[in-house]
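K.L.:
Quick one: structure below, then a few questions.
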Amino acid sequence: MATEIYASSVVIPAGTPQGAPVLIDVSFNAMVTEIVDWRVPRGPSGLMGWRLTSGGVQVMPKNLGQWLITDNERGSWVLEGLHDSGKWEIQGYNTGTHPHVVNVRFHVSPIGRAASWPNPPLLPLYSLTSAVDLTKVPPKAFQRDAPLRPPVQYQAPG
């Protein structure tokens, strides 16, 4: 689970062509980035596009070369398995006559700290308390030429 949040408000200047987008640094110290929240306030009306990059390499949206074109929208991305350098940028264009803003928040944890476990094992309590008593298994069951038995289906009690 994230223990800190780094927030940035990025201004995409008016008159920035799509062919020459701005690249604005929103980096922080080396941390594990778990979630990125974003919001674009009302106003761009399809004239501004942006994307999340790292070291100039596009991270979101996933389809390379594409832009997020939004107006009065927000969203979140859960990031798994990405770098922990803390190096992030917002790249954007704005063909309109007014500057527009992209707000981003990075939910982060220190490197080495256990992040939230996305898929914890779900075990019934009784499975943690019962064990097979191998002293009661007949020795012949461990012999090399012992006949094979069909697998036993486990059924929960009750």
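The numbers here are math on the coordinates, done by the rules we state, and not lab data. The structure presented is a predicted model; accordingly, all values stated were derived computationally and were not measured. No Cβ is skipped: glycine too gets one built from the backbone with ideal geometry, and neighbour counts run over all protein chains shown.
K.L.:
Quick one: Cα centre-to-centre distance for region 48-90 and region 9-45, in angstrom?
P.N.:
Centre-to-centre (Cα) distance: 8 Å.
K.L.:
Right, another one. For 68, 23, which order do you get if you count the other beta carbons within 10 Å of each Cβ and list the fewest first?
P.N.:
In order of increasing Cβ crowding within 10 Å: 23, 68.
K.L.:
Hey, another quick one. Taking the simple approach of a point 7 Å from Cα along Cα-to-Cβ for both residue 5 and residue 76, what is their distance in nm?
P.N.:
If labels sit at residue 5 and residue 76, their model points lie 1.0 nm apart.
K.L.:
Sticking with this structure for a sec: To the nearest 20 Debye, how big is the dipole of region 4-109 about its Cα centre, given +1 on the beta carbon of each Lys and Arg and -1 on that of each Asp and Glu? List each step's numbers first, then the result.
P.N.:
Working: 7 positive and 9 negative charges, 56 e Å.
Using only the charged Cβ atoms, the result is roughly 260 debye.
K.L.:
So, one more: How far, in nm, would the chain grow between residue 42 and residue 23 when pulled straight, counting 0.36 nm per residue and subtracting the alpha carbon separation?
P.N.:
On the way: separation 19, 0.36 × 19 = 6.84 nm, distance 2.17 nm.
So the extension gain works out to 4.7 nm.
K.L.:
Here is a further query. Neighbour counts of other C-beta atoms within 10 Å: give me 35, 111 arranged from fewest to most.
P.N.:
Working: 35 15, 111 12.
In increasing order of surrounding Cβ atoms, one gets 111, 35.
K.L.:
Further question on the same structure: Can you run phi through the Karplus equation (6.51, -1.76, 1.60; θ = phi - 60°) for region 52-68 and list ³J(HN,Hα) in whole Hz, with x for Gly and Pro?
P.N.:
8, 10, 9, x, x, 9, 5, 10, 9, x, 5, 6, 4, x, 8, 10, 8
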